[in-house]
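Everything on this sheet refers to the single structure shown next.
The values are calculated or read from the model by the stated rules, or taken from the named source; none is laboratory data. On a predicted model such as this, the values are computed, not experimentally measured, just so you know. Cβ coordinates were reconstructed from backbone atoms using ideal geometry, including for glycine residues, and neighbour counts include every protein chain displayed.
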Amino acid sequence: MPKQRLREKILDKAAEKELDRADIVKGSGISASHLDAILDNNAENAPAFPYIRHQLANLADFLGLDQEDVLSSYKEDFSQKISGVYDRLPSNRYSLPSQKQRLSYLGGAVLIILLIYLAIQGLVGSSPEIEVSFPPSSPIPFVAHNQNILLKGRISSQDKLTINGQTTPVAVDGSFERDYLLSPEMNYLEFRMHRVLGEDSVLIREVYFELSEEAPIQTIPPIEDATTAAPEEEPLFENPTP
């Protein structure tokens, strides 16, 4: 006598208990599409064994069939749907991310939050604004009669400032002041601001130093060599001639 297929075992029990397909689905919890694949002997739509094992066990209990017999019958009827030798789900299907992955996710989230915060504060992705109050923007060029002038202005205290390539301190309120010694005639002053992850902003002021006899040109005195011998001092009193 040929061995019964799983579909025949299910149909026999269903007839015995006067159950239709809807009753079996409702009572056992098996998916309607999975039950249809078994009863229609449709191997193409039958799921792999690991994914239906639990439903088959519930189906056996509901119909009063032996669980092991139902499981082995499914394997025989749909042998091509067995996923592997040990019929296990992929080992990493529900595994938690590794510590390295978690740290990577955390670092990415922190970076995104930081960029959003800085963008809201206006510290990234934009060019810093420069306000130079002296020398003024007009006339061009501004004519200075004193060689030593005081550069003044304001920027964001979070930005970096250089004037002609030299770093200039900025106060907490964003203001800055710096003494500057002009060269004779035309001077070009470059105010450059740098913002984190943003573009630099550059502002140029033209200052013409007009020479005059009353204001001689100042120069930076050379550093005196410590080894240079000091001139001999003349005695305050001459020794009397004997």
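Some values worked out for this structure:
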item: Listing of strands (runs of 3 or more DSSP E) fully contained in the range 134-211 that carry 3 or more residues being charged (D, E, K, R) and surrounded by fewer than 18 Cβ atoms within 10 Å (Cβ to Cβ); result: 175-181
item: Boolean, residue 212 is farther than 30 Å from residue 113 by Cβ, of a type in the set (Gly, Ala, Ser) and at pLDDT 90 or above; result: no
item: Of all residues making up the range 17-33, the number that are in contact with a Leu (Cβ under 9 Å, 6 or more places away or on another chain) and part of a helix (DSSP H, G or I); result: 6
item: Residue that is nearest to residue 56 (Cα to Cα), among those in the range 1-16 that are assigned to a helix (DSSP H, G or I) and out of contact with any helix residue (DSSP H, G or I) (no Cβ under 8 Å at 6 or more places or on another chain); result: 8
item: Condition met for residue 161 (among the hydrophobic types (A, V, I, L, M, F, W, C), modelled with pLDDT under 95 and over 17 Å from residue 145 (Cβ atoms)); result: yes
item: Pick from the range 34-53, criterion part of a helix (DSSP H, G or I), out of contact with any Pro (no Cβ under 9 Å at 6 or more places or on another chain) and among the hydrophobic types (A, V, I, L, M, F, W, C), ranking: surrounded by the most Cβ atoms within 10 Å (Cβ to Cβ); result: 38
item: Inter-residue pairs, beta-carbon under 6 Å, first among the hydrophobic types (A, V, I, L, M, F, W, C) and in the range 1-28, second in a helix (DSSP H, G or I) and loosely packed, with under 13 Cβ neighbours inside 10 Å, 6+ apart; result: 25/32
item: In the range 9-20, the residues that are under 13 Å from residue 39 (Cα atoms) and surrounded by 14 or more Cβ atoms within 10 Å (Cβ to Cβ); result: 9, 10, 11, 13, 14
item: Test for residue 10: is it at pLDDT 85 or above and β-branched (Val, Ile, Thr); result: yes
item: Selection status of residue 91, surrounded by fewer than 10 Cβ atoms within 10 Å (Cβ to Cβ), modelled with pLDDT of 75 or more and either of a type in the set (S, T, N, Q) or not assigned by TED's automatic domain parsing to the domain that holds residue 189 (or both); result: no
